[in-house]
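A quick write-up on the structure given underneath.
No value in this document is a laboratory result; all are computed from the given coordinates. Keep in mind it's a predicted model, so treat the numbers as computed, not measured. Here the Cβ positions follow ideal geometry from the backbone for every residue, glycine too, while neighbour counts run over all protein chains shown.
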Amino acid sequence: MGSERKIYTRTGDLGETSLLGGTRVPKSHKRVDAYGTIDELNSFLGLLRDQPIAEHYRKVLLRIQENLFIAEARIAADPKLKFTSLPFLQEDEILFLENEIDEMNKSLNDLTHFILPGGYAPSSLCHVARTVCRRAERSVIKLSSKKTPMEIIIIRYLNRLSDYLFVLARKAGQDAGADEILWTPSH
């Protein structure tokens, strides 16, 4: 039998972690926060993929999860080092999300009010993922500076993904026959 590989390393016990390339940084570092928030989003998308939604959307979510892993890797890489083997997010992935949004929108009613999350578990989970996606986008923007510019495509992808998740929330609810809960503030 081969040697057993342990998942724990104990190297982070004092509050530090390694970027891709080995550079040690505090776990509170903006870079760790950004890729950690995308990881959280990815986990919620995995949970969403396990919900009773159409198979097409499960496949789309899997593709999105793969793209988020690319974004995580790009962000986790030490910006002072060159990583030629890391894949890049591609512009056609943003166009893919836009096409998916447009296709779902064809069957949805026009929006006349804000929509309150709730009413159907998969739709609610889309809204949770959407808000985590917005937080991830903010984290990536905070990380970007003149000194260490972020790849703008990551920010654009997260922006479009949050739109996709909003529309998917509506579409999943519609497919299940759930009513949208419209916000109609009383004065």
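Before moving on, here are some points about what is shown:
- Top of GLU72, GLU16, GLU137 by mean-square fluctuation, Gaussian network on the chain, Cα under 10 Å: GLU16
- Size of the range 69-118 from its Cα atoms: along the principal axes, largest to smallest, the extents are 49, 24, 14 Å.
- Placing +1 on the Cβ of every Lys and Arg and -1 on the Cβ of every Asp and Glu, with nothing else charged, gives the range 73-183 a dipole about its Cα centre of roughly 860 debye.
- Take 153-160, 39-46 and order them by the average number of nearby Cβ atoms within 10 Å per residue, most first; the result is 153-160, 39-46.
- Of the residues ASP102, ASP50, ASP13, the one that moves most in a GNM of the chain with alpha-carbon contacts below 10 Å is ASP13.
- Gyration tensor (alpha-carbon) shape descriptor, the range 119-187, a/c threshold 1.5: prolate
- Peptides 103-114, 22-33, ordered by how many other C-beta atoms sit within 10 Å of their residues on average, highest first, read 22-33, 103-114.
- Electrostatic bookkeeping for LEU111 treats Lys and Arg as +1 and Asp and Glu as -1; over the other residues with beta carbon under 10 Å from its beta carbon, the sum is -1.
- MRE, 222 nm, helices only [DSSP H, n ≥ 4, -39500 (n - 2.57), over the chain, to nearest 500]: -19500 deg cm²/dmol
- Each of ILE181, ILE38, ILE53 was scored by other Cβ atoms within 10 Å of its Cβ. Arranged with the fewest first, they read ILE181, ILE53, ILE38.
- The charge dipole of the chain, taken about its Cα centre with unit charges on the Cβ of Lys, Arg, Asp and Glu (plus for the first two, minus for the last two), comes to roughly 960 debye.
- Dipole of the chain computed with +1 at Lys/Arg Cβ and -1 at Asp/Glu Cβ about the Cα centre; of ALA77, LEU95, VAL128, farthest Cα towards the positive end is ALA77.
- Computed packing ranks the peptides 170-177, 122-129 as 122-129, 170-177, most packed first, by mean other Cβ atoms within 10 Å.
- Between the labelled values (1) 59, 20, 19; (2) 26, 21, 14; (3) 34, 19, 17, the entry that holds semi-axes √(5λ) of the Cα gyration tensor in Å as derived from this structure is (3).
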